[in-house]
1. For VAL367, all conditions in the list (1) of a type in the set (Val, Ile, Thr); (2) open to solvent by less than 10 Å² (accessible area, probe 1.4 Å); (3) in contact with a helix residue (DSSP H, G or I) (Cβ under 7 Å, 6 or more places away or on another chain) hold save one; what is the number of the exception?
2. How many of the residues making up region 208-255 are free of Cβ contacts under 8 Å to residues at least 40 places away in the same chain and in contact with a strand residue (DSSP E or B) (Cβ under 8 Å, 6 or more places away or on another chain)?
3. Return the pairs, sorted by first residue and then second, in which the second residue is open to solvent by 70 Å² or more (accessible area, probe 1.4 Å), the first residue lies in region 126-139 and is basic (Lys, Arg), the beta carbons are less than 7 Å apart, and the residues are 6+ apart or on different chains.
4. Can you name every residue in region 222-248 that is aliphatic (A, V, I, L, M) and open to solvent by 10 Å² or more (accessible area, probe 1.4 Å)?
5. Name the one entry in PRO269, PRO327, PRO284, PRO309 that is modelled with pLDDT under 90 and farther than 22 Å from PHE68 by Cβ.
6. Which numbered condition in (1) under 22 Å from GLU186 (Cβ atoms); (2) free of Cβ contacts under 8 Å to residues at least 40 places away in the same chain; (3) open to solvent by less than 10 Å² (accessible area, probe 1.4 Å) is the only one that PHE98 fails?
7. Would you be able to tell me the number of residues in region 249-287 that are open to solvent by less than 30 Å² (accessible area, probe 1.4 Å) and not in a loop (DSSP other than H, G, I, E, B)?
8. Pull up region 30-47, narrow it to residues that are at pLDDT 85 or above and in contact with a Lys or Arg (Cβ under 9 Å, 6 or more places away or on another chain), then point me to the one that is least open to solvent (accessible area, probe 1.4 Å).
Amino acid sequence: MDFPPPAHPGPAEDQLLVLQGDHRSSFVWEGQLSMQPFRPKRPDDLWEFIGEHPFHARVVARLQATGFYTIFELGRMQLAWSLITALVERWRPETHTFHLPTGEATITLEDVQVLYGLRVDGRAVALPQYIRSMTRAQFLDMMMHFTSYRPQGDAGGSRVALSAIRDHMAFLHPDITGETEDLHIERYMRLALLLLFRCVLFPNTSGSKVSMRFLHHLQELDGLPQYSWGDAVLAYLYRSMCRASMGPALDICGFLPLIQVWAWQRIMPLQPPLPALAPGEAYPFLPLASRWILRRGNYRGTDAHHNLPLIRDVLDILVDGHFIWTPYIDELVAQLPFYCSVDRMLWSTSVPMIFFDMVEYHATERVLRQFHRPQPIPRDPGWVAIYYQRDDRARLDDIYMGWLEQQVLIWEEHRANRIPPAPTFTQEATIHMYASWYRRHTRLIIGNPIHAIGHHHLYQLVQEIQQHTDIPTVVDYGRRVAQLARRTLFQARDAARLDQEAQYAAP
């Protein structure tokens, strides 16, 4: 069978996606990662530990006051690694957005708060200077003071093993009663939050240790709600996606359930069916993610969503009507707890997001359609594309520290004033030109049809569309693409390559 000659999948102009040569999508196009999703990590023991050592009512009450108990209530989510991989293949460090066929889209502060109830207003989760200069012995003293536990050994820097924390919590657990002193309850809570931070909200890919630097923010438990933890979680996830999207990475970290629920909420062809509520049954009074996580039936009969080539194909041929730009209508948000919308004035702000010494930009000016606004051609990103390469092991020079302090100041004092303004006259004139501009500057296709037998006709039509974007015949080509895509997906769903077990089992 003859295949069409491979045309370049984009970008046609390289001023925007300057890292394309080293981007994961280039490796996929060359066939190196065409069938390789990110590999599942060994399941952490957090949820099993909590199941075996359920929180006492007094611990629950204190955790609720911190704003983190909701994450414990939602519990573990089974991850669809192919879905996450296909999305990260479209994540761009240059813009902090997913480059979809329908335009740029991203996970925003709105998504974090509506889906998971994490507050996005408050102080930046940054580090004071004294933490950066602490020795391990000082960290161990701090750990002993705030948790009554001092890890053994002098190696490990500022990190401590999760297994040791679990063992100490198991030792303390039987002694927690209605009569236990508040001091002991607080010590137990700090250990539980260290597990939550490392295992769920801020996981990493290297080992099973947690940073004792979190203790700075855990000193005053009543002060935890004063911080913008949703902002920090999103900054860390952005950084993780930036790293994973470059080169042939095998692992990814960060709060991955947020990627998956975001996709299910917005990308219609990838939505698993939600089982109907029983008569008289109501959704739990929890953030919106609970509807996807707690209703376990949605995992049955969705094996197709665990096939990387198919999901990549779905995203490659995504059309406007299949992406929901504004899923959180007022009637829906009104059914959620108040903490899921209390910070809505900040959702569309274009601000630096901060976690410890990391800074990532919330580039809402590139995704205005997610906020009920038309999208003009955006300005060039205002940050250095390779900031994702800096991590917490890098030495912080004076120049970077000065810049970091400026970003913290912007967040602390000016975040409410950084809503993207109405488009200028010049920008307004570019709204109708956005689609044409975007197609010239984006990566059009991720999956190389030469590596996907049976999709070459679709490939030819897509190339024709690219060549005739300003000609009326594009309407006819679009119709033919939609028809062929629909037939292809129906056939693929029944094909033998989808007759496989899901990559996880329901708990």
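1. For VAL367, the exception is condition (3).
2. So the answer is 0.
3. ARG136/ASP154
4. MET246
5. PRO309
6. With respect to (1) under 22 Å from GLU186 (Cβ atoms); (2) free of Cβ contacts under 8 Å to residues at least 40 places away in the same chain; (3) open to solvent by less than 10 Å² (accessible area, probe 1.4 Å), PHE98 is out only on (1).
7. Number satisfying all stated conditions: 13.
8. Among those that are at pLDDT 85 or above and in contact with a Lys or Arg (Cβ under 9 Å, 6 or more places away or on another chain), it is LEU46.
The values are calculated or read from the model by the stated rules, or taken from the named source; none is laboratory data. Note that the structure is predicted; figures quoted are calculated from it, not measured. We place every Cβ from the backbone using ideal geometry, glycine too, and count neighbours over all the protein chains shown. The accessibility values were calculated without ligands, DNA or RNA, using every heavy atom of the protein model including side chains. Shrake-Rupley method; radii C 1.70, N 1.55, O 1.52, S 1.80 Å.
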